[in-house]
Amino acid sequence: MNLNDSKRTDNPFVCQIVGYKNSGKTALVCSLVERLTALGYKVAVIKHDAHDFEMDHPGTDSYRHRAAGAAAIALVSPRKTAVIRDEETSLNQLIGGFSAYDIILVEGFKREGYPKLVMVRRPKDRELIGSLEAVAGVVSWLPMEETFSDVEQGFSACFDFFDKDEHKPIVEWILRQAAFI
């Protein structure tokens, strides 16, 4: 299962990995990135952070630039580029900047409308499945019968179901969704 250049488009496949805090989103995203890149796909990750984060640290030139009042800075080296702006950027704008990638995995941004894999760690997390738009699959720490209550068993047929440790089938699912296989 290797990248077929004839299937590459200018529109990367976007898949959101969503769930509550400590549901395993980051661990899953990292595993998927490793597996997809090993297959030859160019993968980007966009992560939503509900808290304010700081990438600059005292003593760096970029920190000094921002402390002096710069509202945006760009750091560029022969192998990397980083842009830090004092503004929120929409998911669609970020995706637009990643058009050269095959697959974009988005961690978070629950309310956006891209295909989603919902992480379920605890029975109370199940409410996300029915409350979000574009849910395509469920990745659960619980057995299927515990992930979907008796009332929801018919509802479960609407989604692909994965155990939280089934990373290879999830990769294959992503590649099918992206029409790469």
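The values are calculated or read from the model by the stated rules, or taken from the named source; none is laboratory data. Just so it is clear, the model here is predicted, and its values are computed rather than measured. All Cβ positions, glycine included, derive from the backbone under ideal geometry; neighbour counts span all protein chains shown. We work out accessible area using only protein heavy atoms, side chains counted, and drop any ligands, DNA or RNA first. Shrake-Rupley method; radii C 1.70, N 1.55, O 1.52, S 1.80 Å.
Structure data summary
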quantity: Nearest 10 degrees, 0 to 90: helix 25-38 Cα axis against the chain principal axis; calculated: 80
quantity: Gyration tensor (Cα) of the stretch 8-48, equivalent ellipsoid semi-axes in angstrom; calculated: 21, 13, 6
quantity: Fluctuation leader among Gly24, Gly59, Gly113 - the chain, Gaussian network, Cα springs under 10 angstrom; calculated: Gly59
quantity: Dipole of the chain, positive end: most advanced residue of Val106, Ile73, His51 [Cβ charges, Cα centre]; calculated: Ile73
quantity: Inter-part distance where the stretch 35-55 and the stretch 164-181 are each reduced to a Cα centre, Å; calculated: 17
quantity: Percent carbon-and-sulfur accessible area, the stretch 1-128, ignoring ligands, DNA and RNA, probe 1.4 Å; calculated: 50
quantity: Among (1) 17.7, 59; (2) 25.7, 85; (3) 18.4, 59, the entry that matches Rg and Dmax of the Cα atoms in Å as calculated here; calculated: (3)
quantity: Net charge of Cβ neighbours under 12 Å - reference Arg35; Lys, Arg +1; Asp, Glu -1; calculated: -2
quantity: Dipole of the stretch 68-181, positive direction: furthest Cα of Val135, Pro123, Ala82, with charges on the beta-carbon; calculated: Ala82
quantity: Longest exposed-site-free window of the chain, the sites being GluC sites (Glu not before Pro) in a DSSP loop that have at most 15 other C-beta atoms within 10 Å; calculated: 1-53
quantity: Relative contact order for the chain, counting Cα pairs under 8 Å that sit 6 or more residues apart, in percent; calculated: 31
quantity: Proximal lysines to Lys21, defined as alpha-carbon separation beneath 26 angstrom and excluding residues fewer than eight positions away on the same chain; calculated: Lys47, Lys110, Lys116, Lys124, Lys164, Lys168
quantity: Residues of the chain: accessible area per residue with a 1.4 Å probe, Å²; calculated: 59
